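Student: Pasting in a structure now, in structure tokens, and then I'll have a few things to ask.
The values are calculated or read from the model by the stated rules, or taken from the named source; none is laboratory data. This is a predicted model, so every value here is computed, not measured. Cβ placement follows ideal geometry from the backbone for every residue including glycine, while neighbour counts extend to all protein chains displayed.
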Amino acid sequence: MEPTTRAATLDDAAAIQRLNRDDLGYDHPLESVTEALTEALSSPRDRVLVAELDGEVVGYVHGEEYRLLYERPMVNVLGIAVSDTARQRGAGRALLTELEAWAHSRGAHALRLVSGDTRPGAHAFYGRLGFAPVKTQVNFRKPLERGGIP
């Protein structure tokens, strides 16, 4: 059976949380996933899609319009996950194809995504879909404390 894609709903929060935990390694609380999904679903700049096989959510993708002062608009793939049990069955391809169509409709000239260096299988998959590496980066993060900069 071929996977189907559809727009995510709040009812998909638990499945997305499970995919984040089991397939990406991010054990983010359901309450936080629900809150973030609520915001994404209400934003015209975001698109969240899920893939289903046999009525079960087996993947998702979250894209957001990405505007820069030095490049034409793109859609940034903020997250994509497909269940280990559903890989190689077309769910990831279906999700990215649907997101690409949305990106075109929003005037984007490219999809952009980043992927950790520990995911060579994902990199090969992205390459088969026409993605090409453009640069290597270091990902910095600065925690923000309540009350401002310490």
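Yes/no per residue for (1) modelled with pLDDT of 95 or more; (2) in a strand (DSSP E or B):
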| position | (1), (2) |
| --- | --- |
| M1 | no, no |
| D12 | yes, no |
| I16 | yes, no |
| E35 | yes, no |
| V48 | yes, yes |
| A51 | yes, yes |
| G63 | yes, yes |
| V75 | yes, yes |
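Student: Among the residues that make up the stretch 58-76, is at least one of them out of contact with any helix residue (DSSP H, G or I) (no Cβ under 9 Å at 6 or more places or on another chain), surrounded by 10 or more Cβ atoms within 10 Å (Cβ to Cβ), of a type in the set (D, E) and in contact (Cβ under 8 Å) with a residue 40 or more places away in the chain?
Tutor: Within the stretch 58-76, none of the residues are out of contact with any helix residue (DSSP H, G or I) (no Cβ under 9 Å at 6 or more places or on another chain), surrounded by 10 or more Cβ atoms within 10 Å (Cβ to Cβ), of a type in the set (D, E) and in contact (Cβ under 8 Å) with a residue 40 or more places away in the chain.
Student: Can A94 be described as in contact (Cβ under 8 Å) with a residue 24 or more places away in the chain, under 15 Å from E64 (Cβ atoms) and not in a loop (DSSP other than H, G, I, E, B)? Break it down stepwise before answering.
Tutor: Working: in contact (Cβ under 8 Å) with a residue 24 or more places away in the chain: yes; under 15 Å from E64 (Cβ atoms): no; not in a loop (DSSP other than H, G, I, E, B): yes.
No, not satisfied.
Each row is one residue, and each column tells you yes or no for (1) out of contact with any Pro (no Cβ under 7 Å at 6 or more places or on another chain); (2) loosely packed, with under 10 Cβ neighbours inside 10 Å; (3) within 21 Å of G25 (Cα to Cα); (4) modelled with pLDDT under 85.
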position	(1), (2), (3), (4)
L95	yes, no, yes, no
E100	yes, no, no, no
A108	no, no, no, no
D117	yes, yes, yes, yes
G127	yes, no, no, no
A132	yes, yes, no, no
T136	yes, yes, no, no
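Student: Going residue by residue through the stretch 80-90, is there one that turns out to be under 17 Å from the mean Cα position of the chain (by Cα), buried (at least 18 other Cβ atoms within 10 Å of the Cβ), outside any loop (DSSP other than H, G, I, E, B) and free of Cβ contacts under 8 Å to residues at least 60 places away in the same chain?
Tutor: Yes: one or more hits.
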